[in-house]
Amino acid sequence: MGKVNIENMFELARERYAEIGVDVDKVLGEFSKIAISLHCWQGDDVGGFEHSEAQSSGGIQATGNYPGKARNADELRQDMDKALSLIPGTHRINLHAMYAETDGKKIERDELSHEHFTRWLDWAKEKGLGIDFNPTCFSHPLADSGFTLSHWDKKVRDFWIRHCIACRKIGEYLGRELNKPCINNIWIPDGFKDLPIDRRSPRERLKESLDAILSAPVDTRWNKDSVESKLFGIGSECYVVGSHEFYLGYAVEKKVLLCLDMGHFHPTESVADKISAVLLYVPEILLHISRGVRWDSDHVVIINDDLLSLMEEIVRGNFLSRVHIGLDFFDASINRICAWVIGTRSVLKALLKAMLDPIVKLKKNEETGDYSSRLALLETVKTLPWGSIWDYYCLKSGVPLDTEWIDEVKNYERKVLLQRK
Ligand code: RNT
Ligand code: ZN
């Protein structure tokens, strides 16, 4: 579609929205400031670059065999650059400790420091990106038992405590250097495949370990701690130590961030509905936007009811400054750059749509008890021309339209990805 057509359609859409009391220019101004955290692990199927022989996956798994995955950090950055060039706005990237660059030297995870992330940092500085971080408490011989911070053996726990403290220090450094706080999210796979007798002790040990991690002196202006719960994993079907209740309580007690992953709840539970409840008690939350199909399958995010209602809740509750939007999906059966672009653009589009909704009018309907008008208007906004506003935003941001970006990835696939043997 030509530039003039996009602009004309935008003008008409803007008028249409003005009729229902929505100031599109104001919305676009606010929308352009929102950063999404792009997870690096979509680019290499959650592999990392340690290349150790003893790998275990911690109950998460990318499936598929699409050619061209990144084999080292340079390739991963090159692929992320490509993806970011097809996504409007300035965003963040989300790293795991196992993406350290150690120049071929074996550095144990409890010895990692910011020096092992210098190239990531320089790249982020150059591109104006923020960085988020995660300790990697899986894919490691000391995680083979299925237990890390809640392990019965103090030596194993202490190793992972040291690793998490090292990661908090890295996060502090990255945050300060970039002048943008780093969200440091702890997720551990700990749990039992089959029925445990003692559900209590591992949770007591996990609490103790987390206390030890958080008591290390780290400037929380630059490193913001977050904890992520889970319902079950592959191999931890019967019991997960870090359950929702565990971490909700922990985050409330310690005033740290709670991470809500969309795949980590019972399938009919709404993560959207949790936001306004949780934010009464914790300062901020981190989202791991994901799409579970039948189970916590981490499919690429698309615009569906779950995503739309999540974004609506953040906007309608006026929570944008307290909700950090991160992505967490991994699909190795399609082009990995397409996965990033589809998922991130979908999140942005759902957010834009939510911001364009006539919230003042809808609230008024509700407050006056006029639920018929509320429902009628909710149905009306579904077909308002928000796609034309998205197209215009892409044009002004210098990125291709929805109908155009795929060609660029296909070119890149031919020229770059398929050359990786
Ligand atoms: C696992 C969690 C966790 C991971 C990443 C790699 O179920 O969702 O967030 O996906 O840390
Ligand atoms: Zn997650």
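Collect the residues in the stretch 274-314 that are within 16 Å of ligand 1 (Cβ to nearest atom) and touching a residue at least 60 places away in the same chain (Cβ under 8 Å), keeping them in residue-number order.
Passing the criteria: 286, 288, 296, 298.
So is residue 9 modelled with pLDDT of 95 or more, over 19 Å from residue 350 (Cβ atoms) and open to solvent by 40 Å² or more (accessible area, probe 1.4 Å) or not?
Details: modelled with pLDDT of 95 or more: yes; over 19 Å from residue 350 (Cβ atoms): yes; open to solvent by 40 Å² or more (accessible area, probe 1.4 Å): yes.
Yes: the conditions hold for residue 9.
The rows are residues; the columns are (1) open to solvent by 40 Å² or more (accessible area, probe 1.4 Å); (2) over 18 Å from the mean Cα position of the chain (by Cα); (3) touching a residue at least 60 places away in the same chain (Cβ under 8 Å).
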| site | (1), (2), (3) |
| --- | --- |
| 110 | no, yes, no |
| 129 | no, no, no |
| 132 | no, no, yes |
| 149 | no, yes, yes |
| 159 | no, yes, no |
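Does the stretch 236-243 include one or more residues that are acidic (Asp, Glu), open to solvent by 70 Å² or more (accessible area, probe 1.4 Å) and touching a strand residue (DSSP E or B) at 6+ places or on another chain (Cβ under 9 Å)? Write out each step before concluding.
Taking the stretch 236-243 as the starting set, the residues that turn out to be acidic (Asp, Glu) are 237.
When the remaining residues are screened for being open to solvent by 70 Å² or more (accessible area, probe 1.4 Å), the result is 237.
Checking which are touching a strand residue (DSSP E or B) at 6+ places or on another chain (Cβ under 9 Å) leaves us with 237.
Yes, there is a match, as at least one residue in the stretch 236-243 is acidic (Asp, Glu), open to solvent by 70 Å² or more (accessible area, probe 1.4 Å) and touching a strand residue (DSSP E or B) at 6+ places or on another chain (Cβ under 9 Å).
Please tell me if residue 26 is open to solvent by 70 Å² or more (accessible area, probe 1.4 Å) and either under 29 Å from residue 235 (Cβ atoms) or in a loop (DSSP other than H, G, I, E, B) (or both). Full working, then the answer.
Working: open to solvent by 70 Å² or more (accessible area, probe 1.4 Å): yes; either under 29 Å from residue 235 (Cβ atoms) or in a loop (DSSP other than H, G, I, E, B) (or both): no.
Taking the combined requirement at face value, the residue does not satisfy it.
Of all residues in the stretch 64-79, count the ones that are open to solvent by 30 Å² or more (accessible area, probe 1.4 Å), in contact (Cβ under 8 Å) with a residue 60 or more places away in the chain and not in a loop (DSSP other than H, G, I, E, B).
Taking the stretch 64-79 and keeping what is open to solvent by 30 Å² or more (accessible area, probe 1.4 Å), we get 64-67, 69, 71-72, 74, 78.
Okay, now just the ones that are also in contact (Cβ under 8 Å) with a residue 60 or more places away in the chain, so 64-67, 69, 71, 78.
Next cut, not in a loop (DSSP other than H, G, I, E, B) only: 78.
Going through the stretch 64-79 one residue at a time, the tally reaches 1.
With respect to residue 61, determine if the residue is more than 26 Å from residue 147 (Cβ to Cβ) and either crowded, with 21+ Cβ neighbours inside 10 Å or touching a residue at least 12 places away in the same chain (Cβ under 8 Å) (or both). Don't jump to the end; show me each part of the working.
Numbers: more than 26 Å from residue 147 (Cβ to Cβ): no; either crowded, with 21+ Cβ neighbours inside 10 Å or touching a residue at least 12 places away in the same chain (Cβ under 8 Å) (or both): yes.
Criteria not met by residue 61.
Any idea which of 92, 168 is in contact (Cβ under 8 Å) with a residue 12 or more places away in the chain and under 23 Å from residue 209 (Cβ atoms)?
Details: 92 fails: under 23 Å from residue 209 (Cβ atoms).
Unique residue meeting the criteria: 168.
So which residues in the stretch 216-230 are in contact with a Gly (Cβ under 9 Å, 6 or more places away or on another chain), within 16 Å of ligand 1 (Cβ to nearest atom) and of a type outside the set (D, E, K, R), if there are any at all?
227, 229
Based on this model, can you work out whether residue 102 counts as modelled with pLDDT of 95 or more, in a loop (DSSP other than H, G, I, E, B) and in contact with a Gly (Cβ under 7 Å, 6 or more places away or on another chain)? Give the derivation first.
Details: modelled with pLDDT of 95 or more: yes; in a loop (DSSP other than H, G, I, E, B): yes; in contact with a Gly (Cβ under 7 Å, 6 or more places away or on another chain): no.
So residue 102 fails the test.
Just need a number here: residues in the stretch 187-222 that are assigned to a helix (DSSP H, G or I) and under 25 Å from the mean Cα position of the chain (by Cα). Show your work before the answer.
So in the stretch 187-222, the residues assigned to a helix (DSSP H, G or I) come out as 200-215.
Now drop any that are not under 25 Å from the mean Cα position of the chain (by Cα), which leaves 206-207, 209-211, 213-214.
Final tally of qualifying residues: 7.
Which residues, taken from the stretch 371-391, are in contact with a helix residue (DSSP H, G or I) (Cβ under 8 Å, 6 or more places away or on another chain) and either charged (D, E, K, R) or open to solvent by 50 Å² or more (accessible area, probe 1.4 Å) (or both)?
Correct list: 371, 374, 378, 391.
In the stretch 267-285, which residues are under 27 Å from residue 333 (Cβ atoms) and either touching a Leu at 6+ places or on another chain (Cβ under 7 Å) or within 12 Å of ligand 2 (Cβ to nearest atom) (or both)?
271
Of everything in the stretch 231-273, what is part of a helix (DSSP H, G or I), more than 25 Å from residue 200 (Cα to Cα) and within 16 Å of ligand 1 (Cβ to nearest atom)? Give them in sequence order. Steps first, please.
Of all residues in the stretch 231-273, those part of a helix (DSSP H, G or I) come to 244-254, 271-273.
Going one step further and asking which of them are more than 25 Å from residue 200 (Cα to Cα), we end up with 271-273.
Result: 271, single match.
Sort out which residues of the stretch 280-289 are open to solvent by less than 10 Å² (accessible area, probe 1.4 Å) and more than 18 Å from the chain's Cα centre (by Cα), and write them in order of number.
The one that is open to solvent by less than 10 Å² (accessible area, probe 1.4 Å) and more than 18 Å from the chain's Cα centre (by Cα): 282.
When you go through (1) over 26 Å from residue 324 (Cβ atoms); (2) assigned to a loop (DSSP other than H, G, I, E, B) one by one for residue 87, which number turns out not to apply?
Tallying (1) over 26 Å from residue 324 (Cβ atoms); (2) assigned to a loop (DSSP other than H, G, I, E, B), residue 87 fails exactly one: (1).
Kindly indicate whether any position in the stretch 112-120 is in contact with a helix residue (DSSP H, G or I) (Cβ under 7 Å, 6 or more places away or on another chain), open to solvent by 10 Å² or more (accessible area, probe 1.4 Å), assigned to a helix (DSSP H, G or I) and within 23 Å of residue 81 (Cβ to Cβ).
Yes, that holds for at least one residue.
Any chance the stretch 323-345 includes a residue that's small (Gly, Ala, Ser), at pLDDT 95 or above, touching a strand residue (DSSP E or B) at 6+ places or on another chain (Cβ under 9 Å) and open to solvent by less than 30 Å² (accessible area, probe 1.4 Å)? Outline the logic, then answer.
Taking the stretch 323-345 as the starting set, the residues that turn out to be small (Gly, Ala, Ser) are 326, 332-333, 339, 343.
Cutting the leftovers down to at pLDDT 95 or above gives us 326, 332-333, 339, 343.
Now restrict to residues that are touching a strand residue (DSSP E or B) at 6+ places or on another chain (Cβ under 9 Å): 326, 343.
So of that shortlist, the ones also open to solvent by less than 30 Å² (accessible area, probe 1.4 Å) come out as 326, 343.
Yes: the stretch 323-345 contains one or more residues that are small (Gly, Ala, Ser), at pLDDT 95 or above, touching a strand residue (DSSP E or B) at 6+ places or on another chain (Cβ under 9 Å) and open to solvent by less than 30 Å² (accessible area, probe 1.4 Å).
Among the numbered criteria (1) more than 26 Å from residue 246 (Cβ to Cβ); (2) within 16 Å of ligand 1 (Cβ to nearest atom); (3) of a type in the set (A, V, I, L, M, F, W, C), which one does residue 182 miss?
Here residue 182 clears every test but (1).
Residues are listed down the side, and each one gets a yes or a no for (1) within 16 Å of ligand 1 (Cβ to nearest atom); (2) within 26 Å of residue 266 (Cα to Cα):
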| site | (1), (2) |
| --- | --- |
| 142 | no, no |
| 149 | yes, yes |
| 157 | no, no |
| 164 | yes, no |
| 167 | yes, no |
| 187 | yes, yes |
| 196 | no, yes |
| 209 | no, no |
| 214 | no, no |
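The values are calculated or read from the model by the stated rules, or taken from the named source; none is laboratory data. What you see is a predicted model, and the numbers here were worked out from it, not measured in a lab. FYI the Cβ positions are ideal-geometry reconstructions off the backbone, even for glycines, and counts take in every protein chain you see. SASA here: full protein model, heavy atoms, side chains in, ligands and nucleic acids out. Shrake-Rupley method; radii C 1.70, N 1.55, O 1.52, S 1.80 Å.
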